Amino acid sequence: MNYTKEDLTGLQQFYNHQLLNDTVPFWFPRSVDTEFGGYLLMRDQDGTLIDDDKAVWIQGRAAWLLSTLYNTIEPKKEWLSAAKSGIDFLNKYCFDDDGQMFFHVTRDGQPIRKRRYYFSETFAVIANAAYAKASGDPAAAEMARYLFGKCIEYSTTPGLLAPKFTGTRPTKGIGVPMIMMNTAQQLRETIGDPRCNEWIDKWIAEIETYFVKDDIRCVMEQVAPDGSIVDHIDGRTLNPGHAIEGAWFILHEAKYRNNDPKLIALGCKMLDYMWERGWDKEHGGILYFKDVYDKPVQEYWQDMKFWWPHNEVIIATLLAYTITGDEKYAKWHKMVHDYAYGHFHDKKNGEWFGYLHKDGTLAQTAKGNLFKGPFHLPRQEWYCAALLTEYLKK
């Protein structure tokens, strides 16, 4: 199949409508915490609050979203004011005395948990950078660049953060170069930083060198330090949607670099490999985990359908199609788009459910928790609408 101009125009209008009339209104303004600042995001299907704790990384994601809407859609005062609420909460409550950020805090900012990774920091980078562009606040810009430097330090200094495992079986994950690459892309495209391009090159090279396995047509989630496959349950576990998210980060970089052919080839290859492994040929949708050798996967949720991989695959397939014109990607995009909006979307209350069983039936009704909030879905709708707007102008 192929997409006509009319098809793409319809998709652009659909994504824009869903973003501004369905997804964003589910969260805002009701999620802004007018008492303590930040956002109350743990919500059931109808928007009722199920918990008032706050996941720090999603506080940053929400502030990024609001700032980005202000920067790219319309300079609404309520979006900027709500973004400031998140930025102020992050800076006031979410840093420990050692400078590392918390992962989970109470409504009024008392710390509950820190984790051994620095993903709270990466989302604070993009939130502060987007807010700095929206507001002109030099302190936010300074914070974004400072935290970006801290993230580079964390990612390149072994032992700086407490390890999760002993040194018996060392591994490294694709998550670090992926999230750092996208953090740098966001920073570069909002307020700029001279370090971004050099580090993006390094992180892409790391992904290509160590995690992309052409001989078995696969993108590994983690590998040994030399890039070899760790033939144990954890080492064999793949996350197809996560790898495809990495693929679109690389395709985005290819587009930024005037359609760099090497990066297009790499991103499309990663998408191809993990679509083959991740798409559920029986029921449709993206399976959460697979074993690289098709052995049983340890995690019991391995065959469930989570919301966010579908957001990432929708972006990746549409981006691959608009860059290459390959009809295969139009077909895949329609498949994942139709499945996702047919199964995850809550037509009554707006937004998406987060978790489905393998057969596509609803597993539970939560729209927000410590891991789900206003990020993957609105980012997908925002990105796809903008991508198609630009593409159709050509």
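The values are calculated or read from the model by the stated rules, or taken from the named source; none is laboratory data. Everything numeric here is computed off the predicted structure, so don't read it as measured data. Cβ atoms come from the backbone with ideal geometry, glycine included; neighbour counts cover every protein chain shown. Protein only, heavy atoms only, side chains kept; ligands, DNA and RNA dropped before computing areas. Shrake-Rupley method; radii C 1.70, N 1.55, O 1.52, S 1.80 Å.
Out of segment 89-106, which residues are under 16 Å from residue 36 (Cα atoms) and exposed (fewer than 15 other Cβ atoms within 10 Å of the Cβ)? 92, 106 - these are the residues of segment 89-106 that are under 16 Å from residue 36 (Cα atoms) and exposed (fewer than 15 other Cβ atoms within 10 Å of the Cβ). Residues of segment 204-220 being in contact (Cβ under 8 Å) with a residue 40 or more places away in the chain, open to solvent by 40 Å² or more (accessible area, probe 1.4 Å) and more than 17 Å from residue 236 (Cα to Cα), which ones? Scanning segment 204-220 gives a single hit, 208. Exactly one residue out of 85, 81 is surrounded by fewer than 24 Cβ atoms within 10 Å (Cβ to Cβ), of a type in the set (Gly, Ala, Ser), on the phi < 0 side of the Ramachandran plot and touching a strand residue (DSSP E or B) at 6+ places or on another chain (Cβ under 7 Å), and it is 85.
Pairs linking a residue in segment 139-161 that is free of Cβ contacts under 8 Å to residues at least 60 places away in the same chain to a residue that is charged (D, E, K, R) and open to solvent by less than 60 Å² (accessible area, probe 1.4 Å), with Cβ atoms under 7 Å and 6 or more positions apart or on different chains, are 145/193; 147/121; 148/193; 150/121; 151/121. All conditions in (1) closer than 19 Å to residue 376 by Cα; (2) in a helix (DSSP H, G or I) hold for residue 91, with the sole exception of (1). Going through (1) closer than 23 Å to residue 66 by Cβ; (2) of a type outside the set (Gly, Ala, Ser); (3) open to solvent by 40 Å² or more (accessible area, probe 1.4 Å); (4) touching a Lys or Arg at 6+ places or on another chain (Cβ under 9 Å) one by one, residue 116 falls short only on (1).
Residue 201 meets all of the listed conditions (1) in contact (Cβ under 8 Å) with a residue 40 or more places away in the chain; (2) surrounded by fewer than 19 Cβ atoms within 10 Å (Cβ to Cβ) but one, namely (1).
Just one of the listed residues (158, 194) is out of contact with any helix residue (DSSP H, G or I) (no Cβ under 6 Å at 6 or more places or on another chain), over 29 Å from residue 251 (Cα atoms) and open to solvent by 10 Å² or more (accessible area, probe 1.4 Å), namely 158.
Within the set 300, 256, 273, 321, the sole residue that is open to solvent by 50 Å² or more (accessible area, probe 1.4 Å), of a type outside the set (S, T, N, Q) and in contact (Cβ under 8 Å) with a residue 24 or more places away in the chain turns out to be 256. Note on segment 36-78: among residues that are free of Cβ contacts under 8 Å to residues at least 12 places away in the same chain and more than 27 Å from residue 383 (Cβ to Cβ), the one that is surrounded by the fewest Cβ atoms within 10 Å (Cβ to Cβ) is 48. Just so you know, in segment 305-325 the residues that are in a helix (DSSP H, G or I) and not hydrophobic (A, V, I, L, M, F, W, C) include one that is farthest from the chain's Cα centre (by Cα), and it is 324. Evaluate the following for residue 133: is it assigned to a helix (DSSP H, G or I), more than 16 Å from residue 38 (Cα to Cα) and open to solvent by 20 Å² or more (accessible area, probe 1.4 Å)? In short, yes.
Evaluate the following for residue 140: is it small (Gly, Ala, Ser), touching a strand residue (DSSP E or B) at 6+ places or on another chain (Cβ under 8 Å) and either farther than 30 Å from residue 226 by Cα or part of a loop (DSSP other than H, G, I, E, B) (or both)? So residue 140 does not fit the description; no.
Within segment 329-357, can you find the residues that are surrounded by fewer than 17 Cβ atoms within 10 Å (Cβ to Cβ), among the charged types (D, E, K, R) and outside any helix (DSSP H, G or I)? Matches in segment 329-357: 346, 347, 348.
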